[in-house]
C-alpha cells in the first residue's frame, strides 16, 4: 500500500512540475521573390531556382503562444546576406546590448505576445545547390525556442 501511495504521490508531483505551456510559433505568412508577385509561403518547394542577386522577401508572424516574446534571431548561410529586418520599433528594445538589427537579433520589450516581422535577404553566392535562412524565437515561458528553416534552391556556378 505504501508503494502504491508513493508512486501516486511521485506521479502527481511530476505532473504538477511539468510545463504545459507550448513553445513559441514562427509562421511564414508571405514569401516573395524579387520581381515576382507569386506568394510561395504555402508552396516553398515550387519556388524557382535562385541566382546571385535574387532577393527573397519573407513576412513572419511570431507568437508566444500565450507568453511574452523574448528574442528573435535570423541566421543565414554564407550564400545569403540579410538586407533588411522590418519590425515595429515600439515592440523592440533599443538597447544595443540586446538588439542588433544588422546581425538579425531583436529583443522584445515587455508585453509583446505576437508581432509581424519582414525579412529581406539577397543571394550573394551560389556555390551550393541549397542555402537557407534560419529563424529562431524564444518566449519568456520556460519552453524550448521555436526554429524555422527556409530552404532555398540555388543555381550552382
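Nothing in this text is a laboratory measurement; each read-out follows from the coordinates by a stated rule. Quick caveat: nothing in here was measured; it's all calculated off a predicted structure. Using ideal geometry, Cβ is built from the backbone for each residue, glycine included, and neighbour counts are taken over all protein chains shown.
Report the label-to-label distance for residue 83 and residue 39 in nanometres (one decimal), using points 7 Å from each Cα along the Cα→Cβ vector.
Between residue 83 and residue 39, the simple spin-label model gives 2.1 nm.
Run the numbers for residue 46 and residue 97: contour at 0.36 nm per residue of separation, minus the present Cα-Cα distance, in nm.
Contour length minus Cα-Cα distance gives 14.4 nm.
Considering Cα pairs under 8 angstrom that are at least six residues apart, work out the relative contact order of the chain and quote it in whole percent.
Result for the chain is 29 percent.
Quick one, which of (1) 38, 20, 13; (2) 30, 17, 16; (3) 27, 18, 14 is the actual semi-axes √(5λ) of the Cα gyration tensor in Å calculated for this model?
Only one listed value fits the structure, namely (1).
Could you work out the helix-only [θ] at 222 nm for the chain, with each DSSP H run of four or more residues adding -39,500 (n - 2.57) and the total divided by the number of residues, to the nearest 500 deg cm²/dmol?
-3500 deg cm²/dmol
How tilted is helix 2-17 with respect to the longest principal axis of the chain? Cα atoms for both, answer in degrees (0 to 90, nearest 10).
For 2-17 against the chain, the angle is about 40 degrees.
Quick one: Cα centre-to-centre distance for region 21-39 and region 130-157, in angstrom?
The distance from the Cα centre of region 21-39 to that of region 130-157 comes to 11 Å.
In what sequence do 61, 107 fall when counting other Cβ within 10 Å, fewest first?
With the sparsest Cβ surroundings first, the list reads 61, 107.
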